[in-house]
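Working notes for the structure below.
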Amino acid sequence: MTIEARIRELGNRHRSLDETIQQEMRRPSADPTHLREMKQRKLRLKEEISSLEARAH
């Protein structure tokens, strides 16, 4: 897999996770622990994307 393809794939996962987080936050019984874990995963994806973009340029 090329770096560009990996960046696209991670970007798709990042957007999907963001949508899931937004949906969870709208729920009245949102689980704060689960939200925190999802936000941490989203941050790790963003960091990996940034790292790959730096290597691609």
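The values are calculated or read from the model by the stated rules, or taken from the named source; none is laboratory data. Not measured: the values here are computed from a predicted model. Every residue, glycine among them, receives a Cβ derived from its backbone with ideal geometry; neighbour counts consider all protein chains shown. Quick note on the areas: whole protein, heavy atoms, side chains included, nothing else; ligands and nucleic acids left out. Shrake-Rupley method; radii C 1.70, N 1.55, O 1.52, S 1.80 Å.
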Please work out if Glu48 is open to solvent by 80 Å² or more (accessible area, probe 1.4 Å), of a type in the set (Asp, Glu) and at pLDDT 95 or above.
no
Would you mind finding the one in Ile7, Ile21 that is in contact (Cβ under 8 Å) with a residue 24 or more places away in the chain, assigned to a helix (DSSP H, G or I) and touching a helix residue (DSSP H, G or I) at 6+ places or on another chain (Cβ under 6 Å)?
Ile7
The range 9-39, residues that are open to solvent by less than 90 Å² (accessible area, probe 1.4 Å) and either of a type in the set (S, T, N, Q) or on the phi > 0 side of the Ramachandran plot (or both)
Asn12, Ser16, Thr20, Gln22, Ser29, Thr33
Under 9 Å between Cβ atoms, which residue pairs at least 6 apart in sequence (or on different chains) link something in the range 26-37 that is free of Cβ contacts under 8 Å to residues at least 40 places away in the same chain with a partner that is outside any loop (DSSP other than H, G, I, E, B)?
Ala30/Glu24; Asp31/Glu24; His34/Glu24; Leu35/Ile21; Leu35/Glu24; Leu35/Met25
